[in-house]
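Heads up: the structure comes next, in structure tokens.
Bear in mind these aren't lab numbers, they're just calculated from the coordinates by the rules spelled out. Quick caveat: nothing in here was measured; it's all calculated off a predicted structure. Here Cβ is always computed from backbone atoms with ideal geometry, including for glycine, and neighbour counts include all displayed protein chains.
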2 protein chains.
Amino acid sequence: MDDRLDAIFSALSDPTRRAILGRLAHGKATVAELADPFKLSQPAISKHLKVLEQAGLIRSGREANSRPRVLEPDALKTIADWIADYRRFWDQSFDRLDDYLSKVQGYENDKSRDRH
Amino acid sequence: MDDRLDAIFSALSDPTRRAILGRLAHGKATVAELADPFKLSQPAISKHLKVLEQAGLIRSGREANSRPRVLEPDALKTIADWIADYRRFWDQSFDRLDDYLSKVQGYENDKSRDRH
DNA sequence: ATCCAATATAGCCCTATGGTTATATAGCTA
DNA sequence: TAGCTATATAACCATAGGGCTATATTGGAT
């Protein structure tokens with residue numbers, strides 16, 4: 001699991017790759033469409049896409065001639081969960097909100113819900 | 001701001017550094033204490049600490065002979081905020097929860113609260 | 001003043017990363 | 001089948017990253 005976190009954080013550490021994810025948040029896109037905003041060569045973009053795919057952040061489809069990419073949210077959820085363990089360090093209202101929700105219909109009384 | 005995200009994600013992409021943060025989540029610690037669990041040399045740990053500090057994830061204190069480190073939560077909040085923009089992709093209950101909270105005393109009717 | 005303990009810095013090595021150009025592959029289209 | 005389009009792969013280069021050992025620095029203790 002450490003390896004998975006390594007790969008995800010590492011993939012996200014590049015601004016080009018984050019921009020690509022940003023584009024994919026609006027829907028699937030071809031390699032050409034993803035490459036368009038950048039001054040990089042097409043192979044450079046393909047490399048970035050490979051990094052994102054190996055980190056599990058995106059997935060490749062196949063559609064006629066092209067291989068459209070889509071977002072794969074699980075990887076982002078993985079690191080969101082990791083970060084959630086630290087949430088109490090910055091969010092004063094975290095515990096209060098957590099207590100509140102634990103009393104509300106439809107939410108379990110489980111203080112660790114959002115922490116692990 | 002891109003540079004800041006680069007540095008934070010990059011710092012988090014190393015398992016040793018994440019383990020160091022995990023240790024610091026229990027309270028401040030000296031370099032020697034932080035180095036203890038690892039088979040790495042002391043300079044290697046100092047390098048990791050420098051990376052974490054330059055990313056804004058930790059801060060150095062000064063106490064007699066030693067320079068204890070403490071967690072600096074803002075950097076983690078920065079990327080948590082970044083990830084929050086993607087939360088809707090994996091959390092079905094996100095919108096429902098958001099709607100719910102918007103009706104509750106003490107929470108504004110602001111759907112973008114947790115998204116930006 | 002000296003010495004020891006804690007930590008930082010320098011210099012070196014090897015591998016990983018991000019970019020490039022050139023070329024290969026796969027699927028339409030004529 | 002020939003050629004065009006979309007994308008992937010190969011080979012190469014330069015820089016960054018993470019490890020090491022050796023050494024410098026800083027502060028407390030004797």
| remark: Going through A:LYS39/A:LYS77; B:LYS28/B:LYS50; A:LYS77/B:LYS50; B:LYS39/B:LYS77; A:LYS77/B:LYS28 one by one, the pairs whose alpha carbons sit over 25 Å apart turn out to be A:LYS39/A:LYS77; A:LYS77/B:LYS50; B:LYS39/B:LYS77; A:LYS77/B:LYS28
| Across region A:16-31, in residue order, what do the Karplus-derived ³J(HN,Hα) couplings come to in whole Hz, using 6.51 cos²θ - 1.76 cosθ + 1.60 with θ = phi - 60° and x for Gly and Pro? | 4, 5, 5, 5, 4, 4, x, 5, 6, 5, 8, x, 4, 8, 7, 4
| Across region A:51-61, in residue order, what do the Karplus-derived ³J(HN,Hα) couplings come to in whole Hz, using 6.51 cos²θ - 1.76 cosθ + 1.60 with θ = phi - 60° and x for Gly and Pro? | 4, 4, 5, 5, 7, x, 7, 9, 9, 9, x
| Label spacing, shortest first and in nm, from B:ALA44 to its equivalents in the remaining copies (7 angstrom along Cα→Cβ) | 3.3
| query | Per-residue mean of other chain beta-carbon atoms within 10 angstrom of the beta-carbon, peptide B:6-19? | reply | 5
| request: Collect residues whose amide H, placed 1.01 Å from N in the peptide plane, falls under 5 Å from the amide H of A:ALA29; neighbours closer than 5 in sequence don't count. | output: A:ARG69
| request: Run through the other copies and list how far each one's label point is from that of A:ASP2, in nm with one decimal, shortest first; the point sits 7 Å from Cα along Cα-Cβ. | output: 3.3
| task | Put a label point 7 Å from Cα along the Cβ direction on A:GLY61, then list its distances to the equivalent points in the other copies in nm, shortest first. | result | 5.3
